[in-house]
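So the structure is just underneath, and the comments pick up after that.
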Amino acid sequence: APATFEQKTPSVEVPPSTLQADLLSLLIEGRHSDVSIEAVYGEAAPATFSAHTNILSQRSDVFAAAFSHEMRESATRTLTVTDVPPPALKALLHFLYTDDFDEVQTVLREEATHAAGTDAGDAASSSAGSSSAAPISCA
């Protein structure tokens, strides 16, 4: 005769997952980071992100190659990215840490809003003779 199983109420309540939020917090706060990623792109204000080689290497073959023992970045613990605008790099990092495309859209929206506010501020300040652009930073 086939065995029957009785459904029992679990004796331990499993809390909702916080892994995604925890990983994003590591990126945003820069806690325990072991690499700096510098975004230097055209006229955009440079940005530096504090990140984690183990997470980036696991999530991206490109980052894994950059952090391999033969590459300069593995020794300097700094990776300079010159072919991606800072907001796009920030969005990519958020995606790599969360695996959530909604996070990419949120970052790009926030950066567009920030840039629009900065541009308006720059227009006002440039008429006074000075202009400043705030760098984008996760840390």
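Excluding ligands, DNA and RNA, the accessible surface per residue across region 1-106 is 67 Å² with a 1.4 Å probe.
In this simple spin-label approximation, residue 84 and residue 13 carry label points 7 Å from Cα along the Cα→Cβ vector, and these lie 4.1 nm apart.
Derived scalar couplings between HN and Hα for region 60-67 equal 9, 4, 5, 5, 4, 5, 5, 9 Hz in order, rounded to whole Hz, by the Karplus curve 6.51 cos²θ - 1.76 cosθ + 1.60 (θ = phi - 60°), x for Gly and Pro. Projected label points at residue 58 and residue 76, each 7 Å from Cα along the beta carbon direction, are separated by 2.7 nanometres.
The values are calculated or read from the model by the stated rules, or taken from the named source; none is laboratory data. Since the model is a prediction, treat every value here as computed from it, not as a measurement. With ideal geometry, Cβ positions are generated from the backbone for all residues, glycine too; neighbour counts draw on all protein chains shown. Note: areas computed on protein heavy atoms with side chains; ligands, DNA, RNA excluded. Shrake-Rupley method; radii C 1.70, N 1.55, O 1.52, S 1.80 Å.
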